[in-house]
Amino acid sequence: MEWSGLLAILALALLPSLGNLVGVGLAEWRRPPEWLVGGALHAAAGIATAVAAIELIPRAQERIETWMLAAALVIGAVGSAGIARATRVIRRRIGSKAGRATTWGAYAAIGVDLFTDGLMTGGGGAVAAELGLLLALSQVIGNLPGGFAIAANFRAANIGRSKRWRALAIYPFLPVLGAFLGYIVLADAGPILTGFVLALFAGLLLTATIEDIVPEADQPQAKRRVSSPAFALGFGALLLTSAYLG
């Protein structure tokens, strides 16, 4: 394991929380228009889909048999559903204790999401530095609405600025921790384990995109003339970035 490579990946893992912090800043300033929120989320869905289709699945296919690839995709989808269920449990339990289910529960759920983002960034970076970079970049836009939502919830719950900023300051450490674990697992892994985990990440990413990002993107009811080009632009931007980085 190369320590210089690990340090670089840990630095990249700060990017997912960057989008989150931009969303927090927007909530502290003013609410963006609905069409912009919907368009940004559709672009994030396009980017995430492209990461899975262009980067993760082909790299996995080079290392493992197709049946194993399909199995890993299904396991990743099940894992994504498990993460979603765990975040709902966290909302209920923390909410019942703190009396603010929509605030501290959502805060914990976003933290779990950031940790998972870091896990994918670290695992991908252990395979190839450019893959780690692409995974980290792909999560910046997707995390912006979460940061906006939690900061807005904090303000609506009359939580003081100093307290909410202390709570939000924990967020950047979560993807870094996830990236460390992901990198350690795949840094010296063989081709079969590497291919299986990459396919697992693809299943996680595709399922989260379809089940979480797209429904959230449709809530602002952005017009098709905004949402459809935004999705295509997100996909195309990742395709071009992948081609030039590769």
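The values are calculated or read from the model by the stated rules, or taken from the named source; none is laboratory data. Because the structure is a prediction, the values reported are computed rather than measured. A quick note on method: Cβ atoms are made from the backbone with ideal geometry, for glycine too, and the neighbour counts reach across all protein chains shown. Just so you know, the surface numbers come from the protein's heavy atoms only, side chains and all, with ligands and any DNA or RNA stripped out. Shrake-Rupley method; radii C 1.70, N 1.55, O 1.52, S 1.80 Å.
For the range 48-89, give me each residue that is within 21 Å of Leu133 (Cβ to Cβ), open to solvent by 20 Å² or more (accessible area, probe 1.4 Å) and among the aliphatic types (A, V, I, L, M).
Residues satisfying the conditions are Ala53, Ile54, Ile57.
Pairs needed: first member in the range 1-26, open to solvent by 60 Å² or more (accessible area, probe 1.4 Å); second member anywhere, of a type outside the set (Gly, Ala, Ser) and modelled with pLDDT under 80; C-beta distance under 7 Å; at least 6 residues apart or different chains.
Final answer for the pair search is Val22/Leu144.
Give, as residue ranges, the helices (runs of 4 or more DSSP H) completely inside the range 170-239 that count at least 2 residues that are without any contact (Cβ under 8 Å) to a residue 40 or more places away in the chain.
none
Mind checking whether some residue in the range 142-150 is open to solvent by 20 Å² or more (accessible area, probe 1.4 Å) and modelled with pLDDT of 80 or more?
For the range 142-150, residues open to solvent by 20 Å² or more (accessible area, probe 1.4 Å) and modelled with pLDDT of 80 or more: absent.
For residues that are within 20 Å of the chain's Cα centre (by Cα) and open to solvent by 40 Å² or more (accessible area, probe 1.4 Å), tally how many sit in the range 151-174.
Matching residues across the range 151-174 total 4.
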